[in-house]
1. Taking the condition of a type in the set (A, V, I, L, M, F, W, C), touching a Leu at 6+ places or on another chain (Cβ under 9 Å), at pLDDT below 80 and not assigned by TED's automatic domain parsing to the domain that holds residue 241, does residue 342 pass?
2. What residue, among those in the range 530-541 that are free of Cβ contacts under 8 Å to residues at least 60 places away in the same chain and under 18 Å from residue 478 (Cβ atoms), is surrounded by the fewest Cβ atoms within 10 Å (Cβ to Cβ)?
3. Quick one: is residue 157 in the same structural domain as residue 29 (by TED's automatic domain parsing), within 18 Å of residue 71 (Cβ to Cβ) and not hydroxyl-bearing (Ser, Thr, Tyr)?
4. Starting from the range 156-184, take each residue that is more than 15 Å from residue 27 (Cα to Cα) and list its partners that are charged (D, E, K, R) and part of a helix (DSSP H, G or I), counting only C-beta distances under 7 angstrom and pairs at least six apart or across chains.
5. Only one of (1) out of contact with any Gly (no Cβ under 8 Å at 6 or more places or on another chain); (2) modelled with pLDDT of 85 or more; (3) farther than 24 Å from residue 154 by Cβ is not met by residue 254, so which one is it?
6. Scan the range 192-201 and give yes if some residue there is within 20 Å of residue 133 (Cα to Cα) and not in a loop (DSSP other than H, G, I, E, B), otherwise no.
7. Search the range 68-90 for residues being farther than 29 Å from residue 133 by Cβ and assigned to a helix (DSSP H, G or I), and hand back the single one that is farthest from the chain's Cα centre (by Cα).
8. Which residues, counting only those in the range 224-244, are among the aromatic types (Phe, Trp, Tyr) and under 11 Å from residue 288 (Cβ atoms)?
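The values are calculated or read from the model by the stated rules, or taken from the named source; none is laboratory data. Quick caveat: nothing in here was measured; it's all calculated off a predicted structure. Don't worry about glycine lacking a Cβ; one is built from the backbone with ideal geometry, like all the others, and counts go over all protein chains shown.
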Amino acid sequence: MEQLLDLYGFASVVLHAAELVARTALLGSVVFWVLLALPLAAHLPAGDAMRLRAIGQRATLWSALAGIVTASAAAGLALLALAATLDAPLRELLGADFVRAATAAVAAMAVLLVVALDGPAPGRWRQAVLLLGGLALLVGATAGSHAVARTEQRPMLLAATALHQAGAALWIGGLPALLAGFRLSPGSARRVGQRYSAFAAGGVGLILLGIAGYWVGYIGGIEAVYGTAYGAMSATKLVMLGLLLLLGGSNWLLLHRLADSPLRLVRIRRFVEAEIAIGIAVLAVAGSLTSVPPAADLPEDRVTWAEITERFTPAWPRLASPGHADLAIPRLQAQLDAEWQAKQAAQASKPQAFTPGEGLLPPRNANDIAWSEYNHHWAGILVLLVGLAALLDATGVVPLARHWPLLFLGLAGFILVRSDPEAWPLGEIGLLESLRDPEVVQHKLAALLVVGFAVAEWWVRLGRITGRARFVFPSAMVAGGVLLLAHTHAISNVKEALLVELSHLPLAVLAVVGGCARFAELRGPGEVSRLARWIWPVCLVLIGVLLILYREA
């Protein structure tokens with residue numbers, strides 16, 4: 001049970017993000033089915049009309065099922081963690097507010113699932129139930145947000161939350177159904193896309209209204225954007241929102257200003273696929289935001305611009321590794337010891353309470369920092385070499401360069417051996433025992449992930465893999481970026497955690513963008529593939545450079 005508590009912070013963020021994705025998709029699917037597919041089907045050829053109604057029904061069914069599973073899992077995990085913390089039996093905790101909220105959400109999703117099972121052409125009463133169920137789900141999600149806990153500006157923040165989530169559902173939530181709709185005949189597909197663009201535009205407007213409310217209630221100033229984790233993650237969401245607007249604007253031009261063309265529809269589908277991947281990343285950040293306090297609640301303990309400038313000023317990478325017994329740099333060691341002693345003294349005067357994902361870390365010395373910087377710098381060199389080799393392969397003039405994925409195996413071995421010096425295989429802590437630490441779990445998973453996509457991509461380069469197996473590498477890039485957005489660190493030092501987060505967020509965005517570009521290269525059409533072929537290696541190069549510039553002091 002102690003292991004559950006240690007991993008709870010990371011697992012809860014991942015599950016909450018998955019639940020948010022499923023809920024957004026469910027709300028978007030209901031809107032797509034009831035307000036787009038059913039009215040539009042009356043004006044399409046019979047075959048396309050039948051397929052469009054079925055697309056709306058299937059999207060609602062699958063997203064409702066995913067929502068039920070993820071919401072139940074998230075609530076069950078929270079219930080187990082609470083039981084372990086209070087040392088109380090589960091049956092005595094079933095009346096907790098979060099259990100009731102989860103039960104209500106699951107019930108609403110179950111209603112939507114049952115109604116959707118009755119066929120792809122619902123009558124008026126079933127349409128009303130679907131819309132009311134979606135509205136109930138939106139109200140429940142708003143009631144479980146940060147806004148409810150605020151003592152000031154609560155009505156405004158509740159409205160901003162509802163608008164933001166409704167906008168995400170209208171725009172991002174219906175994209176999977178829209179993608180399926182583009183498989184209709186070209187004329188029908190274009191009409192579906194044009195109708196959906198109006199919903200998406202409305203969703204963008206609602207999202208922007210929600211952002212304005214969040215700015216006033218949760219952030220409040222420019223200093224909070226770079227000085228707090230909430231602000232930095234919100235800024236990352238805004239960057240990805242810009243990418244989504246760029247893709248959405250391109251689709252709008254293709255749908256409204258260009259004539260029907262199967263080739264152009266394929267290009268639109270590639271852009272929609274990228275929108276879905278980036279949208280999932282945005283929702284992952286939104287899920288992670290629920291685990292950090294709003295910036296407005298941290299007026300004092302903020303990172304200053306001078307501290308950020310000092311930390312991120314480029315310096316020569318650390319290419320020599322300290323040993324376990326190396327002495328620390330005296331001045332830095334004294335500073336770290338003083339900080340640790342001050343923290344211990346402050347904690348001694350306060351009652352200790354469990355905070356998910358916090359953990360109580362031993363004091364770090366300068367040698368630990370040097371070890372971590374060495375790891376990041378050499379990992380950056382390896383990724384930089386991979387990116388450069390991939391760029392060389394894109395030129396087509398060096399046949400040997402097609403074996404560039406094998407360079408990733410060196411990175412995987414490096415991560416496995418060096419990432420956690422206190423744990424197996426270098427440290428005294430065994431493998432199973434070390435898996436209580438969420439960072440160790442993420443590092444080991446990262447090593448396995450790298451091995452998997454390296455081998456898969458190498459086989460793709462050799463022509464041994466065709467079909468969907470070709471997408472292992474881009475899927476891994478997107479998944480890695482999404483998980484990095486949910487990457488957790490101990491929060492015993494808020495400033496240090498933020499400085500580390502500031503280095504991780506751009507890596508995550510580049511990984512998601514690179515994965516989307518590799519998807520587009522593999523799936524075509526040719527004009528998209530030719531451009532995407534250069535984008536994802538550049539993303540790898542930039543990731544390598546950022547890792548080489550990584551610093552912790």
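1. Against the criterion (of a type in the set (A, V, I, L, M, F, W, C), touching a Leu at 6+ places or on another chain (Cβ under 9 Å), at pLDDT below 80 and not assigned by TED's automatic domain parsing to the domain that holds residue 241), residue 342 does not qualify.
2. 535
3. No, not satisfied.
4. Note: pairs meeting the criteria are 179/269; 179/273; 182/269; 184/48; 184/51.
5. Failed condition: (2).
6. Of the range 192-201, the ones within 20 Å of residue 133 (Cα to Cα) are 199.
Next, only the ones that are not in a loop (DSSP other than H, G, I, E, B) stay: 199.
Yes, there is a match, as at least one residue in the range 192-201 is within 20 Å of residue 133 (Cα to Cα) and not in a loop (DSSP other than H, G, I, E, B).
7. Here is the first cut: in the range 68-90, the ones farther than 29 Å from residue 133 by Cβ are 81, 83-89.
Filter again for assigned to a helix (DSSP H, G or I), leaving 81, 83-86.
Numbers: 81: 23, 83: 28, 84: 28, 85: 28, 86: 31 Å.
For the range 68-90, the residue satisfying everything is 86.
8. 230
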